[in-house]
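Some notes on the structure that comes next.
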Amino acid sequence: MTRTSAPVDAPGADVWEGLVTTALLGTDRRTPPGTAPGPDAPAALLDAAAVETVRRRAGRRPARAAEPLQPAPEDPRPALPPAAARRLAMLLADRPGPSGGGRRGAAPDLTELLPQWLALANARGFAPPPQVLPALLDAARGRTDLRPAALEFAGPRALWLARLNPDWRFALRATPGGGAAPPQPQDDESVQQLWQEGLFAERVALLSALRSREPAAARDLLATTWATERAEDRLMFLDSLRAGLSPDDEPFLEQALADRSRNVRATAAELLSALPGSALAARMAVRAGACVAIDHTRTAQPGGNGVENGEPAGTTTNAPTIAVEAPHECDPGMERDGVVAKAPAGRGERSWWLGQLVEAAPLATWPRRLGGRTPQEIVALPVADDWQGELHAAWCRAAVRQRDAEWSRALLGEPSAADAGGPGAVSLAERAKLLGTLDAAERAEWVAGFIAAHGLSEAFQLLGVCAVPWAAPLGRAVVDALNIARDAGSYPWSFSGVMGLAERCLDPSEASRLDALLAVPDEPEDASPGAGGYWAEAFQRLVTTLRLRAAMTEELEGA
Amino acid sequence: MTQQGVRWTADQVLALAPDAASRKAGSKLGAAGPWSEAGSSDEGTVWGLCKGSGSKPYQTVVDIADAAGPAYKCSCPSRKFPCKHALGLLLLWAADVAAVPRAQAPEWAGEWAAGRRRRAEKKAGDVSGAPSGSADPEAARRRAERRAERVTSGAVELEQRLADLLRGGLATAEQSGYGLWEETAARMVDAQAQGLAGRVRELGAIPSTGPGWPVRLLEECALLHLLGRGWLRRERLPDGLAATVRSRMGLPASADGPPLRDRWLVLAQYDTTDPRLTTRRIWLHGAGSHRTVLLLSYGAAGRAPELALPVGLALEAEVSAYPGDGQQRVALGEQFAPPAPAAIRPPGMTTSQAAARYGDALRDDPWLESVPVTLNRVVPAPDGDSWQLADADGDAALPLTPATRSRPGLWRLVALSGGAPVRVFGEYGHQGFTPLTAWPEGTGDAVALC
C-alpha cells in the first residue's frame, strides 16, 4: 500500500497481516488464528477478513498533505467574454479526424479557424478560462504551426501547468521565459554570462531578443566573441543581424567579408548588398554597370523579344536597346564581395557571374546608368542577344532583397498581361516575392487583376502573400472566378486549395454576396455529373465559415 | 415556464451528444449558416430548418421543456439520437439569441411538441390512477420465490468455491488466472445473481493489478463471502440491511420511497461502458434538502442512455429512493419545471469529514465503494507519482484514485486551481477520491471533470 493510504491501528494491522498470510498459504497449510482446523476454517477466515476489511475501510483517515504547489502566477489580462469562451471550447473540441479523404461536405472546418481565433484573442489581449488550458496545450502539442499563438494566449498559467506534465514540456522550450527567463538587456553581467556560458539555442535566443530591442548592443555583444566562434555558429549569429539591418552594421559586415568560411562570407555579402548605401553595394554597382549599357547603334527587332507593352518598337530603326557584356572572369575582388565563382551544373559561368553582380547592385544605379529612364521604362527596353531573362531575373532578386516597391511594380507589369505577369517575372514564386514588397492594398489589387484575367488555376501562391482578411476587390475577384469555374462545369475540388483559403481569408462581410450561389443550379448538358450540387455544398461551407468567423469576431469584441 | 431568459451553455448542449463524432458534427452545425426559419417558443420548443446536401432542408425540432431531458425530432435519416442537427440547433439556440428568436412555432414543430405533451400528461394520469403491480399477484409471488431459490443455490455454490480457494491458498489464484473466475461468474449469471456475477468477474482481474494484489483479493473475497452469507440469512437481518443485500445481489426492486420534492442541481453525469451495456450515473444535489442522490440510466451497447442532464442545470422535481439502508439511488418522479441553468453550489466539507462520511456509510452498506462528497477549499497537489486534494486550511489530504491520474479531468482540475483552493464534488471511498466537478473560489460556473 502506498503511504497515502490511511493509517490503521497497529493491533488491527497485525490481525490483518495474519489473515493475509493465512489466505495466501491456504487454510490446509495454516490455521487462521482463533479458529480450529477443519472444514470450517476457510469460512472462519473469510468471516474474520470481512470484519477486518470493513473495519479498515471505515477507519481510513486522510493522509498528510504533501508539499503544496507554488501557486500559478497571476494573469493580469481580462477574462474572455462568455460567448467567446464557449466558442473556444467548441473550436478546441473539434480535432481533425483520422479519416482524411472524402468530400468535405457543407460544414466548416473548425480546426482551420483556431489560428484565426487565437490571433484575434491575442490582438485583444484576453486571458483564457483556466480549465481550457489542458486542451489548448494539447492542441499546441499536436500542431507546431499553432504553437506561438496558442502559447501566447495560454499565458503564464499554462507554463506553470506545463512544468507538472511531461506531455507539455515543449511549452517550456518554445516560450522564452519558460525555462530560465532571458536576462534583461540592461543587466549587463547576466547577459555576458549567458552569452559566455549558455547553450547554443539560448545564445541565439538572447542575441535575437537583444537585436530586436537594441540592434547595436546585439552587434557589439557578437563582436566580443566573434573570432572564437565555430564557423556554423558564426553563420547563425550573423543571420540574426538580418533583423533591424542598418548602415551601422556595415563595418562589422565588411570585416566578415574576409571570414574563413565561405558561407559566412556569402551571408555577409548578401546583407551588405541589401544596404544600398554600403561600400560593397557601390563596388557591385560599378561592376554591374560595366556589364549593362544602352546601345543606340542596334536595331530593335519589332516585337522580337516578346516585349509587348514597351516602347513602340519597330517603328523606328534605331530604338534604344540594352546591350549586355557579361564578365569574362571572376576576379578575387568579386569573390571577396561574395560572388560565387563556380557555376552550378548546366549554367554558363559568365551569365552566373552577371546574375550575381546585378542582384547585388543597388537598383538606384540603373536609372542613372541607363539614360535617366524610370524602372518601368528600363524594364520595357528590349535586351540584345537573349540576355533579357537573365537580366530581369537578377533585377527581380534585387527588388526583393532591397524591398524596392517601384522596381517590383515595374517587374510585375500589368496583372492582365497575356504572359501572366509582365516581362520580367519569371515564375509564380518570384512574382509572389515581388508582391511582398508592395503595400497590402496594392498587392490585393494586383492579385485581383491577375485573377480576373487568368482565373484561379495559378493564383494560389499569389493569394498566399495577400493580407487577411482579403481586401474587397480581391475577395470579389476570387468569388467571381469561382462562379465562372462553376459555370464552366468543372468540379469544386479542382479548386479546393483556393476554396480553403477563401474560407479563412475572405472578409466575413462578403458572406451575403454569396447567397445567390447557394442554390443547386440546373445542370447544363455538358457539365460534369452532379457538379452543381457539389458546388452548392462548397459555397454553403464557405458561407457558413464566413458567418462563423463573423460571429467569432463579434464575440471577442464582447458584443 | 418561459425558456427565453435561460439558455443553456454549449457544454451543456454537447453533454447530450451520444458520442464524440456527434459532438463534432453538431458543433459544426452550431452556426447560423445552414439554418433558416429557426425559432423558439415560450413553451420550450426550439425548431429550425437545416440545409443538408439534398434539396429539401431537414426539419429539426427539440422540446426542452421535458424535465427528463430534451426530446428530439428530425427529418434526417440519422439513427443517432439526438442527431447532429438537433445538437447544432441547440448550440445555435444556446449561443445566438438573434439566430433563434422567440416566435410562434410553425405547424410542423408545434404539432409534434403539443402531441408529446398531451401523451405525457395522459401517461402521468394513467400511472397515478391505475393500481400498481401486475395483474396476478399470486403468480408474481411464485416467480419471485423461484428466482430466490436459484439465487440461493448460486450463493451456496459460490461459498463452496470461495472455501476451496482459501483452503488451497490465494497464491494459486495467480496461476489459475481469469478462466476460473469467468466460469464462476457464468454460473452466477445462470443463477440470476447478477450482483454476485459482477463482483466475481472483477476478482479475476485483481491478480494482475500489481503489488498488493493478495490484500485486494482477500478483501474482495471476504466482502463477497459477506454478501453471500447475508443473502442466505436475509430473514434474520433488519429490513433495511436485507433490502441492501437484495439490491447488492442484483435483484430487481422498485423505487418506493416517499417522494421528495426539491430543486435538484445536476452535479455530475458520466458513463461507464462494458460490451453489453452503457451505464449513466447522474448525481443530483437538492438545494433545499441538501440530499445528494443518484440517478441511473442504461443504454444498450454503443447507444447513449436516454436520460441526459448536463452539469450546471437544475430541475424542480420529485424523486423517490430505492429500498435499502444507505441507498443513494433514486428514481425521477414528477417534474415541475424543465432543467435550466442555476448558480447553486453544494456546500462543502473538509477531507476529514469526507473520510468520516465514508466510514459512517459503510455501517449501512459494507459493500459501498464510495460516497458522494463535496470538498470545500481543497488544493490539488502532486504526491510522488500520484495526486491528492489537500485542505487549504489544514494539513490533511485525500489521495486521488489511481484511475484519475490518467484522465484529462485531472488536468482541468489542476488548471482551474492553479495552486489555489477550489470546491470539488466527487466520489470518495477506499480507493481514494475521484473528482467529478469543480468550482473556482468566488464566482464561476461549474467545470465538469468527467
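With a sphere of radius 9 Å drawn around the Cβ of B:Leu295, what net charge do the other residues whose Cβ falls strictly inside it have (Lys, Arg +1; Asp, Glu -1)?
+3
Over what distance in Å are the Cα centres of the stretch B:349-367 and the stretch A:207-249 separated?
So the separation of the two Cα centres works out to 66 Å.
Between the stretch A:32-95 and the stretch A:131-161, what's the alpha-carbon centroid distance in Å?
Computed from Cα coordinates, the inter-centre distance equals 28 Å.
For a quick size check, give me the Cα extents of the stretch B:405-450 along its three principal axes, largest first, whole Å.
Dimensions of the stretch B:405-450 along the principal axes of its Cα atoms: 31, 18, 18 Å.
Please tell me the relative contact order of chain A in percent, rounded to the nearest whole number, where contacts are Cα pairs under 8 Å and at least six residues apart.
After rounding, I find 10 percent.
Would you mind classifying the stretch B:10-105 by shape? Square roots of the alpha carbon gyration tensor eigenvalues, ordered a ≥ b ≥ c; an a/c under 1.5 is rounded, otherwise it is prolate if a/b is larger than b/c and oblate if not.
Since a/c stays below 1.5, the shape of the stretch B:10-105 is classed as rounded.
Round to a whole number: what % of the accessible area of chain A belongs to carbon and sulfur, probe 1.4 Å?
53 percent
Using a 1.4 Å probe on the protein heavy atoms only, what accessible surface does B:His290 show? Give it in Å² to the nearest 10.
In the full protein context, B:His290 sits at about 110 Å².
Which value, in debye to the nearest 20, gives the size of the charge dipole of the stretch B:351-448 about its Cα centre, when Lys and Arg are +1 and Asp and Glu are -1 at the Cβ?
For the stretch B:351-448, the charge dipole is close to 240 debye.
May I ask which residue of B:Leu260, B:Leu277, B:Pro341 lies farthest towards the positive end of the charge dipole of the stretch B:259-341, with charges of +1 (Lys, Arg) and -1 (Asp, Glu) on Cβ and the Cα centre as origin?
Working it through, the farthest residue towards the positive pole turns out to be B:Leu277.
Could you check the simple spin-label distance between B:Ala343 and A:Ser496, using points 7 Å along Cα→Cβ, in nm with one decimal?
Distance between label points: 4.9 nm.
Ordering B:Tyr270, B:Tyr358, B:Tyr298 by how much accessible area each has at a 1.4 Å probe, largest first, what is the list?
Order by accessible area, largest first: B:Tyr298, B:Tyr270, B:Tyr358.
As an exercise, use a Förster radius of 25 Å and the Cβ-Cβ distance of B:Leu277 and B:Arg233 to find the FRET efficiency, rounded to the nearest 0.05.
0.25
If you count only protein heavy atoms with a 1.4 Å probe, what accessible area per residue comes out for the stretch B:315-448, rounded to a whole Å²?
Per-residue value: 35 Å².
For the stretch B:317-395, rounded, prolate or oblate, judged on the Cα gyration tensor with a ≥ b ≥ c (square roots of eigenvalues), a/c < 1.5 rounded, else prolate if a/b > b/c?
Since a/c reaches 1.5 but b/c is at least a/b, the shape of the stretch B:317-395 is classed as oblate.
Is the shape of chain B best called rounded, prolate or oblate, per the rule: a/c under 1.5 gives rounded, else a/b larger than b/c gives prolate, else oblate, with a ≥ b ≥ c the square roots of the Cα gyration tensor eigenvalues?
It is prolate, given that a/c is not under 1.5 and a/b is the larger ratio.
Ignoring ligands, DNA and RNA, what accessible area per residue does the stretch A:188-274 give at 1.4 Å, in Å²?
51 Å²
If you take every residue apart from B:Arg161 with its C-beta less than 12 Å away from the C-beta of B:Arg161, what net charge results, scoring Lys and Arg +1 and Asp and Glu -1?
-2
With +1 assigned to the C-beta of every Lys and Arg and -1 to the C-beta of every Asp and Glu, and no other charges, what is the dipole magnitude of the stretch B:141-249 about the Cα centre in debye, to the nearest 20?
620 debye
How would A:Phe153, A:Phe495, A:Phe460 rank on accessible area, largest to smallest, probe 1.4 Å?
A:Phe460, A:Phe495, A:Phe153
Quick one: what does P(r) look like for chain A with 20 Å bins over all Cα pairs, in whole %?
Answer for chain A: a P(r) of 15, 33, 31, 11, 7, 2, 0 percent.
As a test of the definition: with a 1.4 Å probe, what buried accessible area, both sides summed, do you compute for A against B, in Å² to the nearest 100? Can you show the working numbers first?
Values: alone 29020 and 22340 Å², together 45940 Å².
Approximately 5400 Å² gets buried when A meets B.
In debye to the nearest 20, how big a dipole does the protein assembly as shown give about its Cα centre with +1 on each Lys and Arg Cβ and -1 on each Asp and Glu Cβ? Each step should come with its number before you reach the end.
Values: 108 positive and 120 negative charges, 564 e Å.
My answer is approximately 2720 debye.
Determine the residues within the stretch A:527-556 where the difference in accessible area between the chain on its own and the full set of protein chains amounts to at least 40 Å²; count protein heavy atoms only and use a 1.4 Å probe.
In the stretch A:527-556, residues shielded by partner chains: A:Gln540, A:Thr544, A:Arg547.
Output ³J(HN,Hα) for the stretch A:448-456: one whole-Hz value per residue in order, computed from phi by the Karplus curve 6.51 cos²θ - 1.76 cosθ + 1.60 with θ = phi - 60°, and x for Gly and Pro.
Using θ = phi - 60°, the values come out as 4, x, 5, 5, 4, 8, 10, x, 9 Hz.
Go ahead and estimate [θ] at 222 nm for the protein assembly as shown from helices alone: -39,500 (n - 2.57) per DSSP H run with n ≥ 4, summed, over the residue count, rounded to 500.
Helices in the protein assembly as shown give a 222 nm mean residue ellipticity of -14500 deg cm²/dmol.
Taking Cα centroids, how far is the stretch B:255-303 from the stretch A:252-293 in Å?
Computed from Cα coordinates, the inter-centre distance equals 77 Å.
On full extension of the chain, what length is gained from A:Leu164 through A:Ala453, given 0.36 nm per residue of separation minus the C-alpha to C-alpha distance?
98.4 nm
Counting only heavy atoms of the protein chains, get the accessible area per residue of the stretch B:10-105 (1.4 Å probe) and round it to a whole Å² value.
38 Å²
Would you rank A:Thr144, B:Thr434 by solvent-accessible area, highest first, keeping every protein chain in place and using a 1.4 Å probe?
Order by accessible area, largest first: A:Thr144, B:Thr434.
If you roll a 1.4 angstrom probe over the protein chains with everything in place, what fraction of the accessible area of the stretch B:361-450 belongs to carbon and sulfur, to the nearest %?
Carbon and sulfur atoms account for 47 percent of the accessible area of the stretch B:361-450.
Can you give the accessible area of B:Trp387, probe radius 1.4 Å, in Å² rounded to 10?
Approximately 20 Å² for this residue.
Give the residue from A:Ser208, A:Gln255, A:Ser273 lying farthest towards the positive end of the charge dipole for the stretch A:188-274; charges sit on Cβ (+1 for Lys and Arg, -1 for Asp and Glu) and the dipole is referred to the Cα centre.
Final value for the positive-end residue is A:Ser273.
What per residue convex hull volume, in Å³, do the alpha-carbon atoms of the stretch B:141-249 yield?
Values: hull volume 10.0 nm³, N = 109.
Considering the Cα atoms of the stretch B:141-249, their hull volume per residue is 92 Å³.
Between A:Gln192 and A:Asp331, what FRET efficiency comes out of the Förster formula 1/(1 + (r/R0)^6) with R0 = 35 Å and r the beta carbon distance, rounded to 0.05?
That pair, A:Asp331 with A:Gln192, gives E of 0.25.
For the stretch A:105-136, list whatever residues lose no less than 20 Å² of accessible surface once every protein chain is in place, relative to that chain by itself, with the probe at 1.4 Å.
Those are A:Ala107, A:Pro108, A:Leu110, A:Pro130, A:Gln131, A:Pro134, which lose 20 Å² or more relative to the chain on its own.
For the stretch B:224-232, just list the computed ³J(HN,Hα) in residue order, Karplus coefficients 6.51, -1.76 and 1.60, θ = phi - 60°, integers in Hz, with x standing in for Gly and Pro.
Calculated HN-Hα couplings, in order: 5, 4, 4, 5, x, 5, x, 5, 5 Hz.
Which log10 I(q)/I(0) values does the stretch A:188-274 give at q = 0.15 Å⁻¹ under the Debye formula, counting every alpha carbon as one identical point scatterer?
-0.49
Hey, what did the stretch B:259-341 get for relative contact order, percent, Cα under 8 Å, at least 6 apart?
Relative CO of the stretch B:259-341 lands at 30 percent.
Of all alpha-carbon pairs in the protein assembly as shown, indicate the percentage at a distance above 57 angstrom.
Result: 34 percent of Cα pairs exceed 57 Å.
Can you pull the accessible area of B:Ile64 for me, 1.4 Å probe, Å² to the nearest 10?
0 Å²
With the solvent-accessible surface defined on protein heavy atoms using a 1.4 Å probe, which residues belonging to the stretch A:16-37 display a reduction of at least 10 Å² in accessible area in the multichain context relative to the isolated chain?
So the qualifying set is A:Trp16, A:Val20, A:Ala23, A:Leu24, A:Gly26, A:Thr27, A:Asp28, A:Arg29.
So, in nm, how far is label B:Ala255 from label B:Ser352 when the simple model puts each one 7 Å beyond its Cα toward the Cβ?
3.6 nm
Relative to a virtual label point 7 Å from the Cα of B:Glu37 in the Cα→beta-carbon direction, which members of the stretch B:69-99 show backbone nitrogen distances below 14 Å?
B:75
Once phi is turned into ³J(HN,Hα) by the Karplus curve 6.51 cos²θ - 1.76 cosθ + 1.60 with θ = phi - 60°, what whole-Hz value does each residue of the stretch A:469-480 show in order, with x for glycine and proline?
x, 4, 5, 3, x, 5, x, 5, 4, 5, 5, 4
Can you figure out the FRET efficiency of A:Asp515 with A:Ala441, using R₀ = 22 Å and their beta-carbon distance, to the nearest 0.05?
0.25
The values are calculated or read from the model by the stated rules, or taken from the named source; none is laboratory data. Just so we're clear, the structure is a prediction, and the values are computed from it rather than from any experiment. Because the Cβ atoms are built from the backbone with ideal geometry, glycine has one as well, and the counts that use them run over all protein chains shown. Accessible surface areas use protein heavy atoms only, side chains included; no ligands, DNA or RNA. Shrake-Rupley method; radii C 1.70, N 1.55, O 1.52, S 1.80 Å.
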